[in-house]
Amino acid sequence: MAGVPAFYVTTPIYYVNDKPHIGHAYTTVIADALARWHRLIGDDVFFLTGTDEHGLKVQRVAEERGITPQEQADTTSERFREAWAGLDITNDDFIRTTEPRHHKAVQRLLQAVYDNGHIELATYEGLYCVGCEAYYTDDELEDGNCPIHQRPAELFKEDNYFFKLSRFEQPLLDWFEAHPDAIQPESKRNEALGLIRQGLRDVSITRTSLDWGVPVPWDPDHVFYVWYDALINYATAIGYGEDPERFARWWPAVNHLIGKDIIRFHCVYWPAMLLAAGIDPPRHVWVHGYLLVKGAKMSKTAFNQIAPGDLAEEFGVDGVRYHLLRDNAFGPDGDFSYEGMVARYNADLANNLGNLLSRVSTVVGSKCGGVGPAPRPDSPLAPVAAECYEAAAAAWQRVQPAEALEATWRLIREANAHLEANEPWKAEPGPAVDAVLGDALEVLRIVAILAHPAVPRACTEVWRRIGLHGAPADQRLPGAARWGGYPGGFRVEKGAPLFPRIKEP
Ligand code: MSP
């Protein structure tokens, strides 16, 4: 696809010791909405997600359950796949780190780092948190406890291969200086730069204490430390070492979406490792905050996890997606609350969008014989639609889905206000009524495209009910958002409410 811009978007790959919860769904839905938006603007999109299956954490959970790590990985990986299918996630690939293609890529990439002289053998003794799969220093621990898991770190001693991370302090600072937008938002960029400026110590990247991992090619008694294997998934999936042309198509112009818990790995270790292998660091890392439940991060140990499937039963798939995209700005922490979710669903989906469609289809039925009239070229809603499109497009570009949807819903609200001001349901059939309804139908057409990345099912249904052929997903922006696209003369169907109201708790 020469000449077509490429958009490569990734989620973190999720650990298979834990089942999918809405914290995971948060990142995945944002990545999906971005992928869908970029398909609409005509980009060539590659959207990757998957599961992180090695490491002590997975091995221990498997032991506790009396199964093999492979069985644990197979079952849980499948649950992630199902969860994403259940949320209409349109990933192009699903990578598992236990796949042979990944083992090959890891061995190749780290062999290149070794051959370049950036990996050396040494003995390591330190305090390790299995929950984080990371070593800690005394001052990073809180009373001997891991600051994230609040559990004691364990003393480990091993002969390890070390990555000479300390050599990359200056190259990393230089690279981030030359690419000031590589980590966003700004506050997270500063956090990453802070970590680098504190000084980088060499890091241990292999283990001999377990065998559940990718074997080190030059010393098979060792396996790679899970993080060093996991990060490479982003390279494996686009053909690193197998298909250089394909790799160059997508790399380094990647968009990694990550939670703030894994900044150090994505913004320090990963770019350093790539530099050491002679590869450019990732061009964009977009870091978001936590989705909190009553102020606390969701975790297995806190028993506060919410399964995306349970919510979808109540709010519908689109209801869950909309909430995750709309209720929190991308960047800071945000709160998940059932009450907030019901309020947002009723206000935006049941009332604003749902009402616009049901009013328009009802009045077209009663005043226009069920056939949709065409919009006016000089409609007062035309400039509003153009403005909202511009605002939404700019916000998607900045990875701010909440703002993009706010702009899209402004157009819906304006169309509802326009109907209320003109009250076509009270007027006699004729050109004045046709004009108002034609304008509202045109807004529905444009909204069905602009809101499609967030609520694809509803938008596809709006498209069908207003009589259009094809689907919003097949439209191309910006052309399809230009005022005047609704041709008129199509049958408009009245149907059941798009989003039935949910009772306030
Ligand atoms: N396996 C590693 C990532 C390796 S990527 C090369 C990992 N996995 S994880 O399953 O623990 O979580 C990964 C991501 O899930 C987080 O970075 C974040 O994007 C998302 N979230 C998990 N819990 C979350 C919240 N409570 N809120 C928001 N995002 C959350 O770390």
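The values are calculated or read from the model by the stated rules, or taken from the named source; none is laboratory data. Remember, it's a predicted structure, so these values are computed and weren't measured experimentally. A quick note on method: Cβ atoms are made from the backbone with ideal geometry, for glycine too, and the neighbour counts reach across all protein chains shown.
Quick notes
- Test: L324 is crowded, with 16+ Cβ neighbours inside 10 Å and more than 16 Å from the ligand (Cβ to nearest atom): no
- None of A415, A440 is farther than 22 Å from H288 by Cα and without any contact (Cβ under 8 Å) to a residue 60 or more places away in the chain except A415.
- The set of residues from region 443-481 being free of Cβ contacts under 8 Å to residues at least 12 places away in the same chain and assigned to a loop (DSSP other than H, G, I, E, B) comprises H469, G470, A471.
- Residue in region 456-468 that is modelled with pLDDT of 95 or more and on the phi > 0 side of the Ramachandran plot present: yes
- Evaluation of C146 against the conditions (1) touching a strand residue (DSSP E or B) at 6+ places or on another chain (Cβ under 6 Å); (2) modelled with pLDDT of 95 or more; (3) over 30 Å from D219 (Cα atoms) shows that the sole unmet condition is (2).
- Helices (runs of 4 or more DSSP H) wholly inside region 2-92 that include at least 2 residues being under 13 Å from the mean Cα position of the chain (by Cα) and within 15 Å of the ligand (Cβ to nearest atom): 22-40
- Residue check, G316 away from the ligand (no atom under 11 Å from the Cβ) and closer than 21 Å to G86 by Cα: yes
- Scanning region 221-262 for residues that are under 22 Å from F168 (Cβ atoms) and in contact with an Asp or Glu (Cβ under 6 Å, 6 or more places away or on another chain), we see that the one that is farthest from the ligand (Cβ to nearest atom) is P252.
- Considering (1) farther than 15 Å from R457 by Cβ; (2) out of contact with any Pro (no Cβ under 8 Å at 6 or more places or on another chain); (3) not polar (S, T, N, Q), the lone condition that Y338 does not fulfil carries the number (2).
- Residue that is assigned to a helix (DSSP H, G or I) and in contact with a helix residue (DSSP H, G or I) (Cβ under 7 Å, 6 or more places away or on another chain), where the choices are V436, V399: V436
- Count of residues meeting criterion [assigned to a helix (DSSP H, G or I) and basic (K, R)] in region 174-215: 3
- Residue satisfying condition, being small (G, A, S), in contact with a helix residue (DSSP H, G or I) (Cβ under 7 Å, 6 or more places away or on another chain) and either closer than 20 Å to T408 by Cα or surrounded by 16 or more Cβ atoms within 10 Å (Cβ to Cβ) (or both), within set G488, G495: G488
- Residue within region 103-122 that is modelled with pLDDT of 95 or more, crowded, with 16+ Cβ neighbours inside 10 Å, not in a helix (DSSP H, G or I) and not β-branched (V, I, T) present: yes
- Residue match in region 414-437 (condition: within 21 Å of A395 (Cα to Cα) and crowded, with 21+ Cβ neighbours inside 10 Å): no
- Residue pairs whose Cβ atoms lie under 8 Å apart, separated by 6 or more positions or on different chains, with the first residue in region 276-293 and at positive phi and the second at pLDDT 95 or above and of a type outside the set (A, V, I, L, M), are G278/N116.
- For F499, the stated conditions hold: it is more than 25 Å from A435 (Cα to Cα), aromatic (F, W, Y), in contact (Cβ under 8 Å) with a residue 24 or more places away in the chain and touching a Gly at 6+ places or on another chain (Cβ under 8 Å).
- Flag if P377 is assigned to a loop (DSSP other than H, G, I, E, B) and under 20 Å from I30 (Cα atoms): no
- Matching residues, region 103-126, being over 13 Å from V203 (Cα atoms) and touching a strand residue (DSSP E or B) at 6+ places or on another chain (Cβ under 7 Å): V106, L110, V113
- Complete set of residues in region 267-296 that are small (G, A, S), modelled with pLDDT of 95 or more and either within 11 Å of the ligand (Cβ to nearest atom) or surrounded by fewer than 23 Cβ atoms within 10 Å (Cβ to Cβ) (or both): A277, G278, G289
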